[in-house]
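FYI, it's all coordinate maths here, none of it is from the lab. No experiment lies behind these values; they were computed from the predicted model shown. When we count neighbours, we look across all protein chains shown, and the Cβ atoms used for this are built from the backbone with ideal geometry, even at glycine.
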Amino acid sequence: MEHELSHVTVSEAARRIGVRPRDISDLIYNRVLRDDIMPIITGRRMIPVSYLPQIVAALERAGRKVRGLVEPPAECASAE
């Protein structure tokens with residue numbers, strides 16, 4: 001993939017991990033996850049892709065079943 005996003009929304013992170021967005025949001029609001037590195041931009045919490053493994057670990061510690069990190073489907077590289 002030529003271009004990978006550096007940040008994803010809570011919903012996209014949840015899809016990649018295999019949990020509900022609410023599971024991630026609960027960890028943020030309960031201060032289990034660091035909200036200072038996940039800015040809110042235009043009303044959406046943006047999560048650095050590099051922080052996803054820490055989210056998986058926090059969810060597992062909280063007893064949530066996670067699928068693990070799944071790469072997003074590859075999009076068309078060229079617009080023909």
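Around Arg45, which amide H atoms from residues at least 5 apart in sequence, or from another chain, sit under 5 Å from its own amide H, with H modelled in the peptide plane?
Residues meeting the amide H criterion: Val10.
Quote to one decimal, in nm, the extra length available between Asp36 and Glu71 on full extension: 0.36 nm per residue of separation minus the C-alpha distance between them.
Using 0.36 nm per residue and subtracting the Cα-Cα distance, I get 10.1 nm.
Starting with the highest mean, order 29-36, 8-15, 44-51, 57-64 by the number of other Cβ atoms within 10 Å, averaged over the residues of each peptide. All intermediate terms of the calculation are to be shown ahead of the outcome.
Values: 29-36: 11.5, 8-15: 18.4, 44-51: 16.5, 57-64: 13.6.
Packing order, densest peptide first, comes out as 8-15, 44-51, 57-64, 29-36.
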